[in-house]
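Asker: This is the structure I have questions about; it appears just below.
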Amino acid sequence: MNIVATYNFIYNATFMVEKGICYALCLANLVNTEGSRNLTFRPIIPEMSIDLYIVTKKYETFSPAVKLFINKVKEYKF
């Protein structure tokens, strides 16, 4: 595999993928492939998995939106 570029936001990379310039590797369900978008998600076989971690400072003060996000992540059953 010849990797010639990287991206920070999958949303931006989807525009190049739609134009046929490149392929993008990403986690499942990060990109909307429904509707008129010329995108499809193809899983890597055999399946590859990773552990994700959310790391914050010990005594960080969070906005209400971030508090809600963290609580939803904690409620999610893996």
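The values are calculated or read from the model by the stated rules, or taken from the named source; none is laboratory data. Everything quoted here is computed from the prediction, not taken from an experiment. Cβ sites come from the backbone with ideal geometry, for glycine too, and all protein chains shown count toward neighbours. These area figures cover heavy atoms from the full protein model, side chains too; ligands, DNA and RNA do not enter into them. Shrake-Rupley method; radii C 1.70, N 1.55, O 1.52, S 1.80 Å.
Asker: Roll a 1.4 Å probe over the protein chains and send me the accessible area per residue for the stretch 12-74 in Å². Mind dumping the intermediate values first?
Answerer: On the way: 6160 Å² over 63 residues.
With the other protein chains kept in place, the stretch 12-74 gives 98 Å² per residue.
Asker: Loop only by DSSP, 10 or fewer other Cβ within 10 Å of the Cβ. Give me the GluC sites (Glu not before Pro) in the stretch 13-78 that pass, ordered by residue number.
Answerer: The qualifying sites are GLU34, GLU47, GLU60.
Asker: For GLU75 and TYR53, what is the calculated FRET efficiency with R₀ set at 22 Å and r taken between the beta-carbons, to the nearest 0.05?
Answerer: That pair, GLU75 with TYR53, gives E of 0.80.
Asker: How big is the Kirkwood radius of the chain, worked out from every pair of different alpha carbons and given in Å to one decimal?
Answerer: Mean inverse Cα-Cα distance, inverted, gives 15.8 Å.
Asker: Roll a 1.4 angstrom probe over the protein heavy atoms and tell me the percent of accessible area of the chain that is carbon or sulfur.
Answerer: Within the chain, the accessible surface is 59 percent carbon and sulfur.
Asker: Report ³J(HN,Hα) in whole Hz for each residue of the stretch 38-47, in order, from the Karplus equation J = 6.51 cos²θ - 1.76 cosθ + 1.60 where θ = phi - 60°; Gly and Pro get x.
Answerer: 8, 10, 9, 9, 10, x, 7, 10, x, 4
Asker: How far apart, in nm, are the 7 Å Cα→Cβ label points at PHE9 and PHE62?
Answerer: That separation, rounded to one decimal, is 2.3 nm.
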